[in-house]
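Read the structure below first, then the notes.
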Amino acid sequence: MQRRFSLNEADVERIHRWVRTVGIRWGMDAEAKTLWELPATAGHTWRAGLDRLLLGYALPGNGQDLYGGILPCDEVEGGEALALGQLQSFTEALFGLDAQLREARSLADWADRLHALLDQFFAPREREENDLQRVRAALETLRTQAELANFSEPVSLEVVKSALRNQINAAENVAGRFLSGGVTFGAMMPMRSIPFAIICLIGMSDDAYPRSHRPVSFDLMASAFRRGDRSRRQDDRYLFLETLLSARRGLYLSYVGQSIRDNATLPPSVLVSELLDVINRGFYSADGSPASEQIIVRHPLQAFSRRYFVGDVRLFSYSRELAEASRCAGRGDHEAAPLLTTELPEAEATLRLVTLDGLLGFFRHPARWLLRERLGIRPDDGEAALETREPFVLDGLATNGLLQQMLELHRDRRTLGEILAVAQGSGALPHGQVGDCVFSAAQQRVSRFAGRLGRVLPRRESPFWEVDLTVGDFRLTGRLTGMTLAGRVGYRLATMKASDYLNLWLHHLVLNALPEGAALQSHWIAENKDVILQPVTDALAQLRTLLELYWRAPGSCCISSQKAPWPIATHCARVKPKMTPCGRRGGNGKAMILAPVIPNPRMCITVWRLQTPIR
């Protein structure tokens, strides 16, 4: 399907990012929701998300301006439009099937329609052609059977799916060639209780057997069950009894007995549990333990577990590779190998051209900076599953994003109705009264914060200063925003965090290192407090100390003991839950700086040298 619509892996990842950005969750469009007796709201549907992407490619919305009630998404740029066009073609073709597949047709018409569907959506390679050919053969068999029976009545898609499933399963059973070799694989079916020396039943888990039966919509017997009607679960119980009678030398039953998530005990199929109960009631062991314990073998989770190679006659393995792996298993719990055993060579001279954001990123997360900028390693966060449920309760990250968006609109003198329309158009709010309550609570916080902010930063479009400083061998560039006659003003509508202190201090040093002509006071406004930093006299020297630390730390994994950023350490120490020491204590006994810990397990590495960690 991906090849049919000319999409590569990079395009698929890009589409996943777009889907998350525009808030697509489920449903074709607003009308499709009415089929489930839900309000006809377009939010979080595919049609609404695609409209935002297409409009964003044509018109800039900046996350604030609506056109025809649609908030453009500015994610698509340049050549990415090709991937967006292919996505649009795919979704339109898929949406077109909705009406076509709801119509009742004759079996011959269904065969033609489904043949065309296979050609429209699939471009198989040579090794995949056999799978499609099996479906095509099943369609032709249905057409032939309908012609032989002279049956031309229209039937629904459910009937066709049921008939196709039976045809494909029958073809698989024929291809299996029952009793064709030393080991025979087959499904459990009635009237096939042929005696075997050893019988193995695989996958006898609690939710797998007896098998659950999902009747089709036209099965009237399922909706009005009577005594004597066939029951799939009762059939499975009888098949299990036949299997017990057919085993001559041994019966092997396997099931998943422990959860792969938390190692919790999972029960087997109810039939296996009943069999174990019968064994415990009919037999006993010499030591008084349940007799079933003598026949139950609990396997380890990994095939390289040492239990397979320590002499237990019931647990064994013939794999040399796994035996070698078992000898190495567990060593990492005792002694962790260091990431770096020697100092890194001196970095390229281009890294002496530092941006203010880059320097801030280094101190916020030294480990991530080391991996990405010096080692060229960009750990993949893994492919997270796309959300399929509409938001009913906003998490902390979504709440902060909504608050910042509403605050900027409020400072732009937008009306309450306009702010609500933008918030709804961006997909940030839940639907219905829940969304109204969330918006009302957020608006109250925004109004209180905007009142405090307006007293020190009255205009949203405040002046900014370009920064281009030469600090020793370094060149520091960037931009200072929020400049006023009284100094620089920064803000964030949230409680004060360690990263806010760090941001404030670094920008304050840059402000005080600039040539004269500006007020040198810095003011940070958070939801729970205001922080004001007075001018410093040695800002340039302290910046140089930080830049030298930036230059040396990744190479030697060692932090200098200068006390230049001590004011930020003093502030950050108050935010203990999110802080970790990022330096050695110097001769003055004071820790150099505290850096926030980012809760990302792929980045939480420790680089050691002389017992000095950088997290």
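Observations on the model:
- Criterion violated by residue 343 - all others in (1) under 30 Å from residue 27 (Cβ atoms); (2) in a loop (DSSP other than H, G, I, E, B); (3) in contact with a helix residue (DSSP H, G or I) (Cβ under 9 Å, 6 or more places away or on another chain) satisfied: (1)
- For the range 53-72, the set of residues classified as outside any loop (DSSP other than H, G, I, E, B) and in contact (Cβ under 8 Å) with a residue 40 or more places away in the chain consists of 70 only.
- Where residue 281 falls short, out of the listed (1) farther than 30 Å from residue 185 by Cβ; (2) touching a Gly at 6+ places or on another chain (Cβ under 8 Å); (3) not hydrophobic (A, V, I, L, M, F, W, C): (2)
- Taking the listed residues 312, 277, the one that is open to solvent by 60 Å² or more (accessible area, probe 1.4 Å), at pLDDT 80 or above and of a type in the set (Asp, Glu) is 277, with no other qualifying.
- Considering the range 460-474, and only residues there that are free of Cβ contacts under 8 Å to residues at least 24 places away in the same chain and in a loop (DSSP other than H, G, I, E, B), the residue that is nearest to residue 508 (Cα to Cα) turns out to be 464.
- Cβ-Cβ distances below 8 Å connect the following pairs, each with a first residue in the range 410-423 that is of a type in the set (D, E, K, R), a second residue that is open to solvent by less than 60 Å² (accessible area, probe 1.4 Å) and assigned to a helix (DSSP H, G or I), and a separation of six or more residues or different chains: 411/450; 411/453; 411/454; 414/422; 418/409.
- So residue 494, is it surrounded by fewer than 13 Cβ atoms within 10 Å (Cβ to Cβ) and either within 30 Å of the chain's Cα centre (by Cα) or of a type outside the set (Val, Ile, Thr) (or both): no
- Residues that are open to solvent by 60 Å² or more (accessible area, probe 1.4 Å), of a type in the set (D, E, K, R) and at pLDDT 85 or above do not occur anywhere in the range 555-575.
Residues are listed down the side, and each one gets a yes or a no for (1) closer than 16 Å to residue 168 by Cβ; (2) basic (Lys, Arg):
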residue: 100; (1), (2): no, no
residue: 105; (1), (2): no, yes
residue: 112; (1), (2): no, no
residue: 131; (1), (2): yes, no
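- Test for residue 48: is it more than 19 Å from the chain's Cα centre (by Cα), part of a helix (DSSP H, G or I) and not polar (S, T, N, Q): yes
- The condition of being in contact with a strand residue (DSSP E or B) (Cβ under 7 Å, 6 or more places away or on another chain) and buried (at least 16 other Cβ atoms within 10 Å of the Cβ) holds for only one of 107, 84, that being 107.
- Search result, residues across the range 520-534 that are open to solvent by 20 Å² or more (accessible area, probe 1.4 Å) and in a loop (DSSP other than H, G, I, E, B): 520, 521, 527, 528, 529, 534
- Contacts under 6 angstrom Cβ, first residue in the range 223-235 being farther than 14 Å from residue 189 by Cα, partner in a helix (DSSP H, G or I) and modelled with pLDDT under 75, 6 or more apart: 229/221
- Enumeration of residues in the range 243-274 that are over 22 Å from residue 188 (Cα atoms), open to solvent by 50 Å² or more (accessible area, probe 1.4 Å) and in contact with a strand residue (DSSP E or B) (Cβ under 9 Å, 6 or more places away or on another chain): 258, 265, 266
- For the range 132-170, the set of residues classified as among the β-branched types (Val, Ile, Thr) and either in a loop (DSSP other than H, G, I, E, B) or without any contact (Cβ under 8 Å) to a residue 24 or more places away in the chain (or both) consists of 144 only.
- All positions within the range 124-134 that are of a type outside the set (Asp, Glu), within 30 Å of residue 10 (Cβ to Cβ) and either surrounded by fewer than 15 Cβ atoms within 10 Å (Cβ to Cβ) or at pLDDT 90 or above (or both): 125, 127, 130, 132
- Of the candidates 10, 32, 42, the single residue that is surrounded by 14 or more Cβ atoms within 10 Å (Cβ to Cβ) and part of a helix (DSSP H, G or I) is 32.
- Just one of the listed residues (516, 527) is more than 30 Å from residue 372 (Cβ to Cβ) and modelled with pLDDT of 90 or more, and it is 527.
- Of the residues making up the range 64-81, one or more are open to solvent by 40 Å² or more (accessible area, probe 1.4 Å) and within 21 Å of the chain's Cα centre (by Cα).
- Taken over the range 280-291, the criterion of being open to solvent by 40 Å² or more (accessible area, probe 1.4 Å) and under 20 Å from residue 252 (Cα atoms) is satisfied by 280, 282, 283, 290.
- Contact map, the range 90-107: residues that are in contact (Cβ under 8 Å) with a residue 40 or more places away in the chain and in a loop (DSSP other than H, G, I, E, B) paired with residues that are small (Gly, Ala, Ser) and open to solvent by less than 50 Å² (accessible area, probe 1.4 Å), Cβ distance under 6 Å, separation 6+ or inter-chain. Pairs shown: 104/156.
- Qualifying residue in the range 21-29 (condition: in contact with a helix residue (DSSP H, G or I) (Cβ under 6 Å, 6 or more places away or on another chain) and over 25 Å from residue 417 (Cα atoms)): yes
- Some residue of the range 471-490 being within 30 Å of residue 390 (Cβ to Cβ) and among the aliphatic types (A, V, I, L, M): no
- Selection status of residue 232, touching a Pro at 6+ places or on another chain (Cβ under 7 Å) and open to solvent by 80 Å² or more (accessible area, probe 1.4 Å): no
Condition check ((1) assigned to a loop (DSSP other than H, G, I, E, B); (2) under 30 Å from residue 520 (Cβ atoms); (3) open to solvent by less than 80 Å² (accessible area, probe 1.4 Å)) across all residues:
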{"residue": "397", "(1), (2), (3)": "no, no, no"}
{"residue": "428", "(1), (2), (3)": "yes, no, yes"}
{"residue": "443", "(1), (2), (3)": "no, no, yes"}
{"residue": "453", "(1), (2), (3)": "no, yes, yes"}
{"residue": "476", "(1), (2), (3)": "no, yes, yes"}
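- Cβ-Cβ distances below 7 Å connect the following pairs, each with a first residue in the range 278-306 that is closer than 30 Å to residue 324 by Cα, a second residue that is outside any loop (DSSP other than H, G, I, E, B), and a separation of six or more residues or different chains: 300/307; 303/322; 304/322; 304/325; 304/326; 305/326; 306/326.
- Total residues in the range 114-123, condition open to solvent by less than 50 Å² (accessible area, probe 1.4 Å) and either outside any helix (DSSP H, G or I) or charged (D, E, K, R) (or both): 1
The values are calculated or read from the model by the stated rules, or taken from the named source; none is laboratory data. None of the values given here were measured: they were computed from a predicted structure. Counting neighbours? That spans all protein chains shown, and the Cβs are built from the backbone with ideal geometry, glycine included. These accessible areas exclude ligands, DNA and RNA; they are computed on the full protein's heavy atoms, side chains included. Shrake-Rupley method; radii C 1.70, N 1.55, O 1.52, S 1.80 Å.
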